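Can you read through this structure? Questions will come right after.
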Amino acid sequence: MATHFSTGVVAKMFGKNGTDTGADGLRGIFTNGTIKAFTGAQPANADDAPSGTYLGNITLNGAVFTPGTATNGVNFGAPVGRTVSKSASETWQFKGAAAGTIGWIRFQANAVDNDSSSTSLNRIDMSVGITSGDIHFSTVTSAVNTIITLDTFTVTGGA
């Protein structure tokens, strides 16, 4: 039998009562976070160190992210039922640091994350593709200083 969560539980996981002020649930955990892109297949779980080659970050307007501060981190908008999505008022852009094919991403909370194995850091790993994968990009090809705008980014809770 599958595990199922009630709408109330999911709303609290994504944000307090589904209409939080940004301090609760996933929205609060990932406030001013960043998303790192890597080549290849994602690791077995988000506690593992990253696999593949680091290709660049998704940040606010593609600017340099400063861990532990609000500088250029990305944010979710208010949760709607079982989903949180990128804030409609923000422009999330990937800026290439290396050449390669983006295979997966790691959304990291604002805390300093040295990319080693950890069971305490907040992370979400997702596959990437153009027409398949958890996240869709217009292109998965990275080059140094390549800019790719991420128009949508949604995390949905299960049934």
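The values are calculated or read from the model by the stated rules, or taken from the named source; none is laboratory data. Source: prediction; values computed, not measured. Note that each Cβ is placed from the backbone with ideal geometry, even for glycine, and that neighbours are counted across all protein chains shown. Heavy atoms of the whole protein, side chains included, go into the accessibility calculation; ligands, DNA and RNA do not. Shrake-Rupley method; radii C 1.70, N 1.55, O 1.52, S 1.80 Å.
Express the accessible area of the chain per residue in Å², computed with a 1.4 Å probe while the remaining protein chains stay in the model. Working shown, then result.
On the way: 7680 Å² over 159 residues.
Using a 1.4 Å probe on heavy atoms only, each residue of the chain averages 48 Å².
With only alpha-carbon pairs counted, each pair once and no self-pairs, how large is the Kirkwood hydrodynamic radius of region 107-159 in angstroms? Display every interim value, and only then the final one.
Working: mean 1/r = 0.0738 Å⁻¹.
It works out to 13.5 Å.
A further question follows. So what does the Cα-only Debye profile of the chain read at q = 0.09, 0.12, 0.18 Å⁻¹, as log10 I(q)/I(0), no solvent term?
-0.28, -0.50, -1.13
Now for a separate question. So what's the gap between the Cα centers of region 93-159 and region 60-86, to the nearest angstrom?
Region 93-159 and region 60-86 have Cα centres separated by 13 Å.
Using Cα-Cα distances under 8 Å and only pairs 6 or more residues apart, what relative contact order does the chain have, in percent? It would help to have the intermediate numbers written out before the result.
Numbers: 402 pairs, mean separation 41.4, N = 159.
Answer for the chain is 26 percent.
So how strong a dipole does the chain carry about its Cα centre when Lys and Arg Cβ are +1 and Asp and Glu Cβ are -1, to the nearest 20 debye? Please list the in-between numbers first.
On the way: 9 positive and 10 negative charges, 42 e Å.
For the chain, the charge dipole is close to 200 debye.
Report the per residue volume, in Å³, of the convex hull enclosing the C-alpha atoms of region 61-155.
Details: hull volume 11.5 nm³, N = 95.
Cα convex hull per residue, to the nearest whole number: 121 Å³.
Using the Karplus curve 6.51 cos²θ - 1.76 cosθ + 1.60 with θ = phi - 60°, what ³J(HN,Hα) values do you get for each residue of region 32-38, in whole Hz, with x for Gly and Pro?
In residue order, the calculated couplings are 6, x, 9, 10, 9, 10, 9 Hz.
Hey, what did region 37-102 get for relative contact order, percent, Cα under 8 Å, at least 6 apart? Each step should come with its number before you reach the end.
Working: 110 pairs, mean separation 23.9, N = 66.
That works out to 36 percent.
I need the semi-axes of the equivalent ellipsoid of region 42-107: take the C-alpha gyration tensor, multiply each eigenvalue by 5, square-root it, list largest first in whole angstrom.
Working: eigenvalues 97, 59, 27 Å².
The three semi-axes for region 42-107 are 22, 17, 12 Å.
Expressed as a whole percentage, what fraction of the accessible surface of the chain belongs to carbon and sulfur atoms when a 1.4 Å probe is rolled over the protein heavy atoms?
Values: 4170 of 7680 Å².
The computed percentage sits at 54.
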